[in-house]
1. From the list L75, L97, L105, exactly one residue is touching a residue at least 40 places away in the same chain (Cβ under 8 Å) and closer than 27 Å to T190 by Cβ. Which is it?
2. Just one of the numbered conditions (1) modelled with pLDDT of 95 or more; (2) over 26 Å from V89 (Cα atoms) is not true of G158; which one?
3. Do you know which of the residues in the stretch 70-89 that are among the aliphatic types (A, V, I, L, M) and out of contact with any Asp or Glu (no Cβ under 9 Å at 6 or more places or on another chain) is nearest to F49 (Cα to Cα)?
4. Looking at the structure I just gave you, is L90 over 17 Å from P196 (Cα atoms), surrounded by 19 or more Cβ atoms within 10 Å (Cβ to Cβ) and touching a residue at least 40 places away in the same chain (Cβ under 8 Å)?
5. Looking only at the stretch 161-198, how many residues end up being surrounded by fewer than 23 Cβ atoms within 10 Å (Cβ to Cβ) and of a type in the set (S, T, N, Q)?
6. Let me spell it out: the conditions are (1) among the hydroxyl-bearing types (S, T, Y); (2) crowded, with 20+ Cβ neighbours inside 10 Å; (3) under 20 Å from A205 (Cβ atoms), and S108 meets all of them except one. Which number is the exception?
7. Just the residues that are part of a loop (DSSP other than H, G, I, E, B) and among the aromatic types (F, W, Y), please, taken from the stretch 162-208.
8. Which condition number in (1) closer than 25 Å to R62 by Cβ; (2) in contact with a strand residue (DSSP E or B) (Cβ under 7 Å, 6 or more places away or on another chain); (3) not aliphatic (A, V, I, L, M) is the one that D119 fails?
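The values are calculated or read from the model by the stated rules, or taken from the named source; none is laboratory data. It should be emphasised that the depicted structure is a prediction, and the values quoted were computed from it without experimental measurement. Quick reminder, even Gly has a Cβ in these numbers, built from the backbone with ideal geometry, and neighbours come from all protein chains shown.
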Amino acid sequence: MLQGSLFDSATHVHPTLRAVGDGMNRIHLDARSWVDVRPEWLAAPDVLFEHLADHVPWRAERRHMYDRMVDVPRLTCFYGAADPLPHPVLETAREMLSRHYADELGESFVTAGLCYYRDGADSVAWHGDRIGRSRLEDTMVAILSVGQPRTLALRPNGGRTAYRLGLGHGDLVVMGGACQREWEHCVPKTADAVGPRISIQFRPAGVR
């Protein structure tokens with residue numbers, strides 16, 4: 001069950017976005033990789049969470065692993081560059097991010113991948129978004145989180161966990177530089193009683 005954010009107020013009846021750069025903190029992972037964290041970028045995130053939970057055509061996937069088919073421990077949905085996003089505020093978010101990072105990224109964010117973590121048993125294993133151009137080039141992946149906070153952990157490839165970020169309630173994180181090639185991230189399982197979370201990942205063309 002989703003527990004409402006303490007930061008929502010009665011005046012925020014519609015999800016609205018605040019300035020991207022206000023309150024943003026850049027973490028330099030190393031000389032080539034960084035992460036920007038912008039807490040509470042989205043006001044009224046629980047309204048967006050409920051809309052996405054009810055209206056996105058979520059898919060339960062299966063994947064071949066260790067000589068057998070296993071359930072992917074989360075629900076997903078992908079929106080390509082030509083697909084309308086499931087809520088107008090996501091269109092605005094993508095446009096704002098493209099403007100804010102125009103000088104560093106040199107192109108726009110165009111796709112949106114959504115993941116629905118229903119409880120602490122849902123997760124995503126250590127990985128980098130390295131399908132396509134990001135396998136060889138610096139890029140950015142921007143993630144907006146709504147719902148209850150979950151840990152996003154980061155580590156250098158094959159190393160130990162170096163950072164743990166608690167993301168939810170409208171928080172934004174942007175991974176940039178060589179982060180996708182030289183670092184890994186995950187949302188680990190937890191035995192704690194946690195509520196559901198939805199993440200929206202904005203990416204440039206040719207990056208998955």
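1. The unique qualifying residue is L75.
2. For G158, the failing item is (1).
3. Narrowing the stretch 70-89 to residues among the aliphatic types (A, V, I, L, M): 70, 72, 75, 81-82, 85, 89.
Okay, now just the ones that are also out of contact with any Asp or Glu (no Cβ under 9 Å at 6 or more places or on another chain), so 70, 81-82, 89.
Details: V70: 27, A81: 22, A82: 23, V89: 12 Å.
Out of the qualifying residues, it is V89.
4. Working: over 17 Å from P196 (Cα atoms): yes; surrounded by 19 or more Cβ atoms within 10 Å (Cβ to Cβ): yes; touching a residue at least 40 places away in the same chain (Cβ under 8 Å): yes.
Yes.
5. Total satisfying the criteria: 2.
6. Of everything listed in (1) among the hydroxyl-bearing types (S, T, Y); (2) crowded, with 20+ Cβ neighbours inside 10 Å; (3) under 20 Å from A205 (Cβ atoms), S108 misses just condition (2).
7. Looking only at the stretch 162-208, we keep the residues that are part of a loop (DSSP other than H, G, I, E, B), and these are 162, 168-170, 178, 188-196, 204-206, 208.
Scanning the stretch 162-208 gives no hits.
8. (2)
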